[in-house]
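Enquirer: Sharing a structure below in structure tokens format, with a few things to ask.
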Amino acid sequence: TPTPAAARLPPFATTMSLISGRTAVIASTARTGLAKSFRGKFNDTHGAAMTGHAIQHAIERAGIDPAEVEDVFIGCGIPEGATGMNIARNAALWAGCPVTTSGATINRFCSSGLQAVASAAHTVLAEGSPVAIGGGVDSISLCQPGMVKGVVTEKKLMKTYPGIWMPMINTADIVAERYGVSREDLDQYSLLSQQRTAAAQAAGLYDAEIAPMDTVMNVVDRETKEVSRVEVTVTHDDCNRPDTTYEALAGMTPIMRFKKDGSDLNPNATVTAGNASQLSDGAAAQVVMEEKLAQQKGIEALGIFKGFVVGGCEPDEMGIGPAVAVPRLLSRHGLTVDDIDLWELNEAFAVVALENQRRLGIDPEKMNVNGGSISIGHPFGMTGSRQVGHILLEGKRRGAKNVVVVRTTTTHPPPTHLPLIFRSPLTAQPSACTQTMCIGGGMGAAGLFEVA
């Protein structure tokens, strides 16, 4: 029987603990369900309410006093409007934390939520904070329209690095064309994501994460265009399409294929609404605290924060960022890709997941085992935090030890021998997991966690 990866970790694999003499644990996790942007149930819910709801329930699940939370770090991809004015501080107060609890909003685009969890862990490890919150939020419904209109470029950077302002769809098309990822592979992977999420939902594998939230949404009458206010409860993720077929995906026209007048724009475009993540709204939060304090309080931690790294790449191919960040993370902890038992590699686009899976040599049976952003949705700043909570819970179900969360925006297709059917999440007994993701502007981020 192979020795579990965690048992093979060299002494320097616990770098952060050795430096500070402290260990940061994830004590609890909570999130909202994910709702479709613009026409979903969160289309008129303020970011402070969504985030505050997640924070409140994470605190309750940890069984701590809100006054014990020293600082709140919230990642946000669009930190303005309904998620502006330092949404972290505002959400902390909404959640019932006293005025003595501070807050800081973090923007690293799609890796903002993961960065926020890492920042919470860092303040516990390096600054001696007893308890902190890490999390993420985005209300694309309320914020993206105004943000897009307000983008302002800079002359020098536009000349030297135009990819900084390039739409993410364009960068995904570039990665697919530049590195030979076919449209067929993108659609096959997207179908797999939908199948895995549908099966996970049917098995109730997301239920423990979600804290149902009452809110009020805007409903537009199709004929009269009148807007009515409707009370609703968000109990689950409603972005995925369980009845998705490969034929339907293959029949979609690439988003950047034609101009508005019907003339050619990019004949080589491959990104469609079916092989990209859905725009969605939601929030998530994790309680991060010092291990000894958690033990004193009788709290059974979900996992241990082990490390976090970032890496840069060309802005026009930001989707390969994880392939830069992951080797750096693993090297610092004396691990290899084969030592990691579960991966959360963000599916902002199918090409991101597939190209990074190919470059890193990740076993597709260990990656995004319950689906990802293509099917479940992707509130930019929230996804990294959601992935942390999900991979730790899934790791517990599987008896895992170390997990990795990788933030990225592109994917690489599974090998042709991989049947496009959901495999039961309980068929393996992993011991190491990782999360990684790509980041707009040409970056990647990766976080390593040990399942408690």
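Enquirer: Take the Cβ-Cβ distance between Lys155 and Ala273 as r, set R0 to 51 Å, and report the resulting FRET efficiency rounded to the nearest 0.05.
Expert: Values: r = 34 Å, r/R0 = 0.66.
So the FRET efficiency works out to roughly 0.90.
Enquirer: Within segment 45-67, which residues have the backbone N less than 20 Å from the label spot 7 Å out from Asn218 along Cα→beta-carbon, could you tell me?
Expert: Backbone N within reach: 45-51.
Enquirer: Whenever you get a sec, line up Cys313, Cys76 from highest to lowest accessible area (probe 1.4 Å, protein heavy atoms).
Expert: In descending accessible area the options line up as Cys313, Cys76.
Enquirer: So how far apart, in nm, are the two label points at Glu226 and Lys292 if each is 7 Å from Cα heading toward Cβ?
Expert: 6.5 nm
Enquirer: Along segment 77-84, what does the Karplus equation 6.51 cos²θ - 1.76 cosθ + 1.60 (θ = phi - 60°) give for ³J(HN,Hα), rounded to whole Hz, x for Gly and Pro?
Expert: x, 10, x, 8, x, 6, 10, x
Enquirer: How much length would be gained if the chain were fully extended between Ser102 and Asp264, taking 0.36 nm per residue of separation minus their Cα-Cα distance, in nm to one decimal? Walk me through the numbers before you get to the answer.
Expert: Numbers: separation 162, 0.36 × 162 = 58.32 nm, distance 5.15 nm.
Here the segment from Ser102 to Asp264 would lengthen by 53.2 nm.
Enquirer: How long is the gain from Asp363 to Thr235 if the chain were fully straight, where each residue apart is worth 0.36 nm and the alpha carbon distance is subtracted? Intermediate values should be presented prior to the final figure.
Expert: Details: separation 128, 0.36 × 128 = 46.08 nm, distance 3.23 nm.
That pair, Asp363 and Thr235, stretches by 42.8 nm at full extension.
Enquirer: Using the per-residue mean of other Cβ atoms lying within 10 Å as a proxy for protection, in what order, highest first, do the peptides 150-160, 194-204, 360-370 fall?
Expert: 360-370, 194-204, 150-160
Enquirer: When the Karplus curve 6.51 cos²θ - 1.76 cosθ + 1.60 is applied with θ = phi - 60°, which whole-Hz ³J(HN,Hα) does each residue of segment 124-140 get, with x for Gly and Pro?
Expert: 6, 6, 9, 10, x, 5, x, 9, 9, 10, x, x, x, 7, 7, 10, 5
Enquirer: Could you run the Karplus curve 6.51 cos²θ - 1.76 cosθ + 1.60 with θ = phi - 60° over segment 173-182 and give me ³J(HN,Hα) per residue in whole Hz, x for Gly and Pro?
Expert: Taking θ as phi minus 60°, the curve returns 4, 5, 4, 4, 6, 5, 10, x, 8, 7 Hz for segment 173-182.
Enquirer: Using helices alone, I'd like the mean residue ellipticity at 222 nm for the chain: each DSSP H run of four-plus residues gives -39500 (n - 2.57), total over residue count, nearest 500. Don't skip to the answer; put the middle values down first.
Expert: Working: 14 runs with 146 residues, N = 452.
Estimated from H runs of four or more residues: -9500 deg cm²/dmol.
Enquirer: Write down the percent of antiparallel bridges among all DSSP beta bridges whose residues are both part of the chain, to the nearest 5.
Expert: Values: 48 of 72 bridges.
Given both bridge residues lie in the chain, the antiparallel proportion sits at roughly 65 percent.
Enquirer: If packing is taken as the average number of other Cβ atoms within 10 Å across a peptide's residues, how do 98-106, 351-359, 246-254 rank, most packed first?
Expert: Values: 98-106: 17.0, 351-359: 30.0, 246-254: 14.9.
Put in order of decreasing packing, that is 351-359, 98-106, 246-254.
Enquirer: If you take the square roots of the eigenvalues of the alpha-carbon gyration tensor of segment 63-143 and sort them as a ≥ b ≥ c, do you get rounded (a/c under 1.5), prolate (a/b over b/c) or oblate? Each step should come with its number before you reach the end.
Expert: On the way: a/c = 2.49, a/b = 1.40, b/c = 1.77.
Taking the square roots of the gyration eigenvalues as a ≥ b ≥ c, segment 63-143 is oblate.
Enquirer: To continue, here is another question. To make sure I understand the rule: partners must be lysines, Cα under 21 Å from the Cα of Lys259, and not fewer than 8 residues away in the same chain. Which ones qualify?
Expert: In chain and number order, the partners are Lys149.
Enquirer: Another question about this same structure. Can you send over the solvent-accessible area of Arg332, 1.4 Å probe, protein chains only, in Å² to the nearest 10?
Expert: Looks like 140 Å² after rounding.
Enquirer: Taking a 24 Å limit on the Cα-Cα distance, which of the listed pairs Lys41/Lys225; Lys36/Lys155; Lys41/Lys260; Lys297/Lys396; Lys292/Lys396; Lys41/Lys396 fall beyond it? Numbers along the way, then the final one.
Expert: Numbers: Lys41/Lys225 18 Å; Lys36/Lys155 36 Å; Lys41/Lys260 30 Å; Lys297/Lys396 21 Å; Lys292/Lys396 21 Å; Lys41/Lys396 31 Å.
Beyond 24 Å: Lys36/Lys155; Lys41/Lys260; Lys41/Lys396.
The values are calculated or read from the model by the stated rules, or taken from the named source; none is laboratory data. Since the structure is predicted, the reported quantities are computational estimates derived from the model, not experimental observations. For neighbour counting, all protein chains shown are included, and Cβ atoms are generated from backbone atoms with ideal geometry for every residue, glycine included. Each accessible area value is taken on the protein alone, full model and side chains, heavy atoms only, with ligands, DNA and RNA left out. Shrake-Rupley method; radii C 1.70, N 1.55, O 1.52, S 1.80 Å.
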